[in-house]
Amino acid sequence: MSDDRVSLKEAAEEAGVTPDTLRRWAKSGVIPGANGAKSWSRPAIAHARLVARLRERGHSLKDIRDAAKDGRLAYGYLEDLFPESRGTMTVEDVARETGLQEALVERIWTGLGFARSELDKLTEEDLQATRYIASVIDAGFPLVAFLQLVRVYGQAISRIADAEVRLFHLYVHEPLMRDGVPGLEISDEMENLARDLLPLASPIMDYVHQRYLQHFVEQDMVGHMEVDLDESEQLGRVRVAIAFADLAGYTRFTEEAGEEEAFSTVERFIDAVTDTLPDDARVVKTIGDEVMLVGQDVQALADWAVGFQRLYRERPMARIGVHVGVVLYRDGDYFGREVNLAARVVARARGGEVIVTDEVMEQIKTSEYLRFENIGEVKLKGFDHPTALCRARIGDEED
C-alpha cells in the first residue's frame, strides 16, 4: 500500500466530514486499523469516503463496521488506485482552457454517460481528456459523427468496466469472504491483485481496438466496391443485410429447465453464432436469447443462416430471419423500418427454420446449394402491407 500519509484534518477534508467525526469513526472500528493513528494512509481515507457515502444512505455504524470486518467493503481500499474523481474546476474553466463551447463540453460529458452534477468538480485528468477531444474536432472530424462516437465509447467502456468489477467480485472477492479471510487481509490481497492487473487493462484494450479497427476498415473498403451507391440515400443511412436469430420456445424452456440452465443454453447459442459468422458480419447486440446481426454480403449471411441451422442441434432449436434494406446508423446500432421488419420475420419462423424476405431473394437470385420455398405474402405485426417471405434451406434436404 501507499506510504503517502496525511494528517487527520486533511483526511477529514478529503472524506467530506469533520475531524471529530472521522476520529469517532476510527475509534469505533468503522475504519479498520485507523484507531489512534496520528497520520492517515491513502487506503484508510478511501475507506472513510466510502463510510461517508454509506452514512448518507442511512446505514448504521454497526452495519458498516460488520461489513468491513467481513470484507464486504474491501473495494473501498481500491479507490486509491484511481485518479482523483473530485476536482476544483468547473465546466466554464474547461471550456476556457480548451476553446470548446460550454454547451458542447456538457454535451460530450453527458454523452459519455457521466453525471451532469460532476461538471462543477472536474479534475486535471478531465481537462486533459477534453483537450484530446478538442484536438479531434479541430482536425476536422464531423461533429455529428463525433458525438455519436462519444456515446458509443461511453456505452462500450461502461459495459467493460461493469464486467471487470462484477467478475472480480464473483471470482476474487466472494471466494475470499467464503473462505473466512479477515477483512483487512481481503483488502490487502485485492489491492495487490488490482495494482498488478490495472496497468494491463489499457494495453489489452488498445490491442483489441487496433485489431478490430483494421478488420472493419478492410470490410468497409470491400463494401464500397461491392455495393452500388444510391444517391437518394440520406447521410447516416446504409444498406446492410440484417438477421435476427433466437431460440424458439425459450420462455417455456426457462420455466421447465430453470434460469441457470436456460442462461447456459443462451450462452452456448450466442457463442455458436459468434464463432461461425462470415467475415463481414458481426453481432450488433443481444437481448435475452435474441441476437441481431448485420453484414454487407447478403448471400454470405443467408448461406451462414442455413448452414448454422444444419449444425446447431441443441434444444430449444434456433430460428433465423434475414432481410436486406437501407437502415439508419446511429451510435453503433441500426434503426428503422427495415430493422423492425427483420425482427418480425424471425417471429414467423419455427425452430430450425430460416425465413428470408423477397428483397433477399432479389439480391441472391442464384445460389449454388440453397433452395427457396415460397411462403407467400404474410401480414407482419406493425406493418400495414403484407410481406413476401420464403423459407431457405439446403438443396439436398428432404421436406
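The values are calculated or read from the model by the stated rules, or taken from the named source; none is laboratory data. In this text, all values refer to a predicted model and were calculated from it rather than measured experimentally. Reconstructed Cβ throughout: ideal geometry from the backbone, glycine too, with neighbour counts over all protein chains shown.
Below are the figures for this structure:
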quantity	calculated
Residues being of a type in the set (Lys, Arg) and in contact (Cβ under 8 Å) with a residue 24 or more places away in the chain - total across segment 357-391	3
From GLN234, GLN219, residue being modelled with pLDDT under 90 and part of a helix (DSSP H, G or I)	GLN219
Hey, GLU164 at pLDDT 80 or above and either out of contact with any strand residue (DSSP E or B) (no Cβ under 6 Å at 6 or more places or on another chain) or part of a helix (DSSP H, G or I) (or both) or not	yes
Residue within segment 89-107 that is small (Gly, Ala, Ser), surrounded by fewer than 16 Cβ atoms within 10 Å (Cβ to Cβ), modelled with pLDDT of 85 or more and assigned to a helix (DSSP H, G or I) present	yes
Search result, residues across segment 290-318 that are in a helix (DSSP H, G or I), crowded, with 22+ Cβ neighbours inside 10 Å and not polar (S, T, N, Q)	VAL298, LEU301, ALA302, TRP304, ALA305, VAL306
